[in-house]
1. Any residue in the range 33-62 that is assigned to a loop (DSSP other than H, G, I, E, B) sitting within a Cβ distance under 9 Å of a residue that is of a type in the set (Lys, Arg) and surrounded by 12 or more Cβ atoms within 10 Å (Cβ to Cβ)? List the pairs, counting only those 6 or more apart or interchain.
2. When the residues of the range 6-23 are filtered to those that are in contact (Cβ under 8 Å) with a residue 40 or more places away in the chain, in contact with a helix residue (DSSP H, G or I) (Cβ under 9 Å, 6 or more places away or on another chain) and assigned to a loop (DSSP other than H, G, I, E, B), which remaining residue is nearest to Leu60 (Cα to Cα)?
3. Of all residues in the range 34-58, which are at pLDDT below 95 and in contact with a strand residue (DSSP E or B) (Cβ under 8 Å, 6 or more places away or on another chain)?
Amino acid sequence: MGVQVDKERCVGAGMCALTAPDVFTQDDDGFGEMLPGHTAVDHPLVREAVRACPVGAVSLTDD
């Protein structure tokens with residue numbers, strides 16, 4: 001299982017980065033993105049970050 005940030009859907013609320021700052025950050029334009037090295041659900045707060053995103057831009061994948 002993996003996790004992804006849909007840049008088309010992201011509005012830059014920053015809930016992913018606030019919820020799981022070891023996994024997510026915001027790019028120069030303020031949109032959420034994964035930090036390097038985090039491609040799978042290997043952090044306990046990733047699922048909470050998925051739930052916290054107000055527009056559903058962060059999602060779990062079947063990778």
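1. So the pair list comes out as Val41/Arg47; Cys53/Arg9; Val55/Arg9; Gly56/Arg9; Ala57/Lys7; Ala57/Arg9.
2. Of everything passing the filter in the range 6-23, Cys10 is nearest to Leu60 (Cα to Cα).
3. Once the filter is applied, which keeps residues that are at pLDDT below 95 and in contact with a strand residue (DSSP E or B) (Cβ under 8 Å, 6 or more places away or on another chain), the range 34-58 yields Met34, Leu35, His38, Thr39, Ala40, Val41, Val46, Arg47.
The values are calculated or read from the model by the stated rules, or taken from the named source; none is laboratory data. Bear in mind that the values here come from a model prediction, so they are computed numbers and not experimental data. No Cβ is skipped: glycine too gets one built from the backbone with ideal geometry, and neighbour counts run over all protein chains shown.
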